Amino acid sequence: MFGARLAELGPHSTGQHTVTSLAVPNAGSLIQSVDWVAIAPPLIAAVAALAVLVADLFLPERHKKWLGRLTAAGLALALISLLPLTGGAPRATFCAQNVAGATDNAGCSYVADHFALVFQLLALGGALIAALLSAHTVESEKLPGGEYWFLLLSSATGAALLPASRDLATMVVALEVASLPAFALVALRRDGRGAEAALKFFVSSVTATAVMLLGVSFVYAASGSLHLGAVAEGLEHAPAQLKPLAEAGAVLTLVGFAFKVAAVPFHFWVPDTYTGAPLPVAGYLSVVGKAAGLSGLALATTVAFRPYAHTWGLVLAVLAAVTMTVGNVGALRQRFDTRYSAVRLLAWSSVGQAGYLLVPLAAAGYAPTAADPLGATAAYALIYGVVNLGAFGVVAAVGRRAGTSVDDFRGLFARSRWTALALAFFLLCLAGLPPGVIGLFGKVVVFRAAVDAGLGWLAVVMAVNVVVALYYYLLWTARLFAPAAVAAGVEAGTGAGVEGGVESRLPLSLTATLGLTASVAVVLSVAPQLVLQVAGGSLF
């Protein structure tokens, strides 16, 4: 933009040199103004990360627990900063006025519209729940507190920035800011499994990013722009000889986002990474990491690659069908008596849920207005985020004294009634069964998006997968209410810490996590319109 301004001013010769004059009537127009209110959510998270990093240098060891409280406060403040952005027109900043084909905010790199706010709510809210869940883990596993909280806030910053990004360069940077700290978070567990899990996560992610960058370069060569709106205009009017380059670039660009969503065949890192990472980090990746990738995939397809809607619509439909099938089959094959089977089951479940999340995106390729079905994805992502983090919270609570195999949950109701009821409710929400009404409504919304788009075959595949998933969700739920006599025998064999058949009191942070997620899930089941209204209209 600045270079274009200089070209408009024109050169003036002085001797043998050409000098560009900056003496213009409105010199202030050369300075980019920043809408600080619009960028407040990711900015507050970034400032909180720096504050934690600096505070870690000066706080004595006995006061390091305050870093976790500072992290939670920063994320809560970032969530509050979303309120001034609601109810009005979209706010945009970092805008280039000379972007070819730009209309409204199409030439802006950051737009705080309804779409961005919904996914920022999911990213920052999920990070806040993960922070509450992490307080006990950091202390009990003796993880380096300063590094842990700094990395969590840094990753949340990238996840909050991505939904508001409106050019491919900013999207790539935001995706990497969300991903790079996550590698280190996975590796913080010093038991050998963490390093192996982080290495698998890192190598596969870097490969996906490299492919994505190659695709972005192809798209830029074919369209002449990186702004999403201008990319769509450029691709629509690209010369015939550049069509193959543009199509290849679009496919390669979507690879990076598909990796973050854990769509097949980019899912192979999920079970091992979740198992090797600290439990709160696994929960964070399953919700916040997935939300970041999903928002980027939605923006790239429905805005930048709009001219190829029917092509990527079919590709995403096939991807959704394969992803949900592979995830559910992987969960069915998981043995319940093996170590870490509870975490691996949630990992495979998250792959299956990613398939459901992709269904409305695929429907967007066939809808008259591509943005309309996105509300179904956003609504389902919000529901999934709450109940999945709640399920990870219960696994973390039980895993303190027992193991993390599914069989360790046998008879949990006899030892800890409210914890068992919470997990049962979360699992029923994921399965889409009453009393988990909000999970049922979420699946109905996704079904409707597929049927309305004429993707009846995809709705049938989803229906079959929902029935298949009922088996392992209900089997795990049934173990929670096993007879106490059977449970006692199992506990004697596993060495679970049970005193008089009743589990000891949970730490305050775990109690707060379970109470918050269960309360939100119950409220949404009673008043589902609070979240389902997101699916009622266009997000743009």
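Computed values, structure above
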quantity: Qualifying residue in region 366-373 (condition: more than 23 Å from the chain's Cα centre (by Cα), farther than 18 Å from Tyr274 by Cβ, open to solvent by 30 Å² or more (accessible area, probe 1.4 Å) and of a type in the set (Gly, Ala, Ser)); calculated: no
quantity: Which listed residue is touching a strand residue (DSSP E or B) at 6+ places or on another chain (Cβ under 9 Å), open to solvent by 40 Å² or more (accessible area, probe 1.4 Å) and either modelled with pLDDT of 80 or more or of a type in the set (A, V, I, L, M, F, W, C) (or both), from Ala488, Ala478, Ala512; calculated: Ala488
quantity: Residue in region 186-195 that is modelled with pLDDT of 90 or more and of a type in the set (A, V, I, L, M) present; calculated: yes
quantity: Given (1) more than 19 Å from Val318 (Cα to Cα); (2) touching a Leu at 6+ places or on another chain (Cβ under 9 Å); (3) not in a helix (DSSP H, G or I), index of the condition Asp337 fails; calculated: (2)
quantity: Qualifying residue in region 263-278 (condition: under 25 Å from Tyr308 (Cα atoms) and open to solvent by less than 10 Å² (accessible area, probe 1.4 Å)); calculated: yes
quantity: Candidate set: region 139-163, residues that are open to solvent by 20 Å² or more (accessible area, probe 1.4 Å) and among the aliphatic types (A, V, I, L, M); chosen: the one farthest from Lys290 (Cα to Cα); calculated: Leu151
quantity: Test for Tyr356: is it in contact with a Leu (Cβ under 8 Å, 6 or more places away or on another chain), among the hydroxyl-bearing types (Ser, Thr, Tyr), assigned to a helix (DSSP H, G or I) and in contact (Cβ under 8 Å) with a residue 12 or more places away in the chain; calculated: no
quantity: Helices (runs of 4 or more DSSP H) (entirely within region 160-236) containing at least 1 residues that are out of contact with any Gly (no Cβ under 8 Å at 6 or more places or on another chain) and farther than 25 Å from Tyr110 by Cβ; calculated: 168-187, 193-223
quantity: Residue count for region 59-98, restricted to those that are open to solvent by 40 Å² or more (accessible area, probe 1.4 Å), of a type in the set (Gly, Ala, Ser) and assigned to a helix (DSSP H, G or I); calculated: 1
quantity: Residues satisfying the stated conditions in region 397-427, i.e. touching a residue at least 60 places away in the same chain (Cβ under 8 Å), among the charged types (D, E, K, R) and over 18 Å from Ser341 (Cβ atoms); calculated: Arg415
quantity: Those residues of region 36-58 which are touching a residue at least 12 places away in the same chain (Cβ under 8 Å) and not in a helix (DSSP H, G or I), in sequence order; calculated: Val37, Ala38, Ile39
quantity: Of all residues making up region 385-411, the number that are open to solvent by 10 Å² or more (accessible area, probe 1.4 Å), closer than 15 Å to Ala282 by Cα and assigned to a helix (DSSP H, G or I); calculated: 2
quantity: Residue among Arg166, Arg193 that is buried (at least 24 other Cβ atoms within 10 Å of the Cβ) and of a type in the set (D, E, K, R); calculated: Arg166
quantity: Unique residue being free of Cβ contacts under 8 Å to residues at least 40 places away in the same chain, over 30 Å from His136 (Cα atoms) and among the aromatic types (Phe, Trp, Tyr) when the list is Phe218, Phe257; calculated: Phe218
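Conditions (1) of a type in the set (S, T, N, Q); (2) surrounded by fewer than 24 Cβ atoms within 10 Å (Cβ to Cβ); (3) at pLDDT below 90, marked per residue:
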residue: His310; (1), (2), (3): no, yes, yes
residue: Thr325; (1), (2), (3): yes, yes, no
residue: Val329; (1), (2), (3): no, yes, no
residue: Arg339; (1), (2), (3): no, yes, yes
residue: Leu346; (1), (2), (3): no, no, no
residue: Ala364; (1), (2), (3): no, no, yes
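The values are calculated or read from the model by the stated rules, or taken from the named source; none is laboratory data. In this text, all values refer to a predicted model and were calculated from it rather than measured experimentally. Ideal geometry is used to build each Cβ from the backbone, glycine not excepted, and the neighbour counts take in all protein chains shown. Ligands, DNA and RNA are excluded from the accessible area calculation, which covers all protein heavy atoms including side chains. Shrake-Rupley method; radii C 1.70, N 1.55, O 1.52, S 1.80 Å.
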